[in-house]
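What follows is a set of notes on a single structure, which appears directly below.
The values are calculated or read from the model by the stated rules, or taken from the named source; none is laboratory data. Small disclaimer: the values here were computed from a predicted structure and weren't measured. Here Cβ is always computed from backbone atoms with ideal geometry, including for glycine, and neighbour counts include all displayed protein chains. Heads up: the accessible areas ignore ligands, DNA and RNA and are worked out on the full protein's heavy atoms, side chains in. Shrake-Rupley method; radii C 1.70, N 1.55, O 1.52, S 1.80 Å.
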Amino acid sequence: MNTKIMRQLWSIIDESPGKTLVGLNDSDLINQILKKLSAKQKLSSEDCGAINAYLSSRILLIREIAECSVSH
């Protein structure tokens, strides 16, 4: 996964409404982020698999970020 994709990915997470992210289960949260990223960046099936695995490994961090944005 290249740096541009990583930056876009975290930008999407940061810009997404925390209430929306907190309300989704893990699978739906990952799918929503992937959908938004694929709208900005052409992704191969390999990219999607790698991003899915990456997001799965960072799900707790993503939820913490979302919860912080809701509480502030």
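For segment 1-47, which trypsin sites (Lys or Arg not before Pro) are both in a DSSP coil and crowded by at most 10 other Cβ atoms within 10 Å?
Working: sites: K4, R7, K19, K35, K36, K40, K42; in loops: K42.
For trypsin sites (Lys or Arg not before Pro) across segment 1-47 that sit outside H, G, I, E and B with at most 10 neighbouring Cβ atoms in 10 Å, the list reads K42.
The aspartates and glutamates whose alpha-carbon is closer than 20 Å to the alpha-carbon of K19, local same-chain residues fewer than 8 away aside, are D28, E64, E67.
Projecting label points 7 angstrom from Cα along Cα→Cβ for D28 and K4 puts them 3.3 nm apart.
In whole percent, how big is the carbon plus sulfur part of the accessible area of the chain, probe 1.4 Å, protein atoms only? Walk me through the numbers before you get to the answer.
On the way: 2410 of 4600 Å².
The computed percentage sits at 52.
With bins 5 Å wide beginning at 0, the percent of Cα pairs of segment 7-72 falling in each bin runs 3, 19, 32, 26, 14, 5, 1, 0.
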